[in-house]
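Accompanying notes for the structure given below.
The values are calculated or read from the model by the stated rules, or taken from the named source; none is laboratory data. As the structure is a prediction and not an experimental result, all values here were calculated from the model. As a convention, Cβ positions derive from the backbone with ideal geometry for all residues, glycine included, and neighbour counts pool all protein chains shown.
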Amino acid sequence: MAPCLITGEQGDPMNDQGTPVSAPGFRAVAVDARWPESRQFMGGGDNRVTGDIHVCLWFGSATYDPQVEHVTVFSASSGNPKAGEALEDALEDYLHPGPGEGLPVGLTVPESVAIAIAVDGKAVAFELWRNSRRPYWVARGRVEDTEVVLSGSEVEPSSLRLVRVNDLSVYSAPVAFLPAREAIAIAMGSDVQAAPGRRLQVEEADAALRALSDIAARGAALGGPSHELHGDEADTVMRALRHLGQDAGPTGGTRAES
């Protein structure tokens, strides 16, 4: 599918005061606000040892359907090996002739062509891979200190209008991804404290998921799902289910946010 490595946090980069360390110059790249469809945070990670950060954003259907109009934007901090892995994954999808057919022996990646894509209103050079047989395309570029891998279908890449962002709160995310989304935003310099409601949502979701995991483990130890919940445990489960319901779309995907 898309060049997104849906990984969780690899450990927040922290300073001596226990706060996330910013990645100098790194900003995630996104399609601008005129995009009419779902806008979703698909995953990302940051590394406390190297300071590397990566973010994957999806612009398309709420069900992540790669067969319809969509764009995937993978951003990585300068020198982050995840950028190379994302490009390899995207090119593998680009080269694959169809489901179940496999890659022909000896098939090599064709030459890329140069293309200009607008980022923050300025033309930025990208390498583009595409062919006339399939609508799927892949592009790679660099926006200041951010390495970018784009892929998409049914969208003309030269028509895209990209922007650099550090606030990821406007992108939908499954409950399990909320802590990673916020930690990465802080590492990019986003003032999460200015929006305590978002912070509270993340903390409550994280606590609810931990509680559910603990309840499930104890239920298994007691003989399986027949263990009946009472009082605080039942309230915790209901809160967690409400969080999950708020972030789930009607078809099971995450809810789109404008």
Item to check | Test set (1) more than 15 Å from residue 91 (Cβ to Cβ); (2) of a type in the set (Gly, Ala, Ser); (3) modelled with pLDDT of 95 or more - residue 106 fails condition number | outcome: (3)
Item to check | Test for residue 118: is it exposed (fewer than 13 other Cβ atoms within 10 Å of the Cβ) and either modelled with pLDDT of 85 or more or on the phi > 0 side of the Ramachandran plot (or both) | outcome: no
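Among the strands (runs of 3 or more DSSP E) confined wholly to the range 123-182, which include 2 or more residues that are out of contact with any Asp or Glu (no Cβ under 9 Å at 6 or more places or on another chain) and buried (at least 17 other Cβ atoms within 10 Å of the Cβ)?
Details: elements: 137-143, 146-153, 161-165.
Counting at least 2 such residues, we get 146-153.
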Item to check | Members of the range 57-89 that are surrounded by 24 or more Cβ atoms within 10 Å (Cβ to Cβ) and among the aromatic types (Phe, Trp, Tyr) | outcome: 58, 74
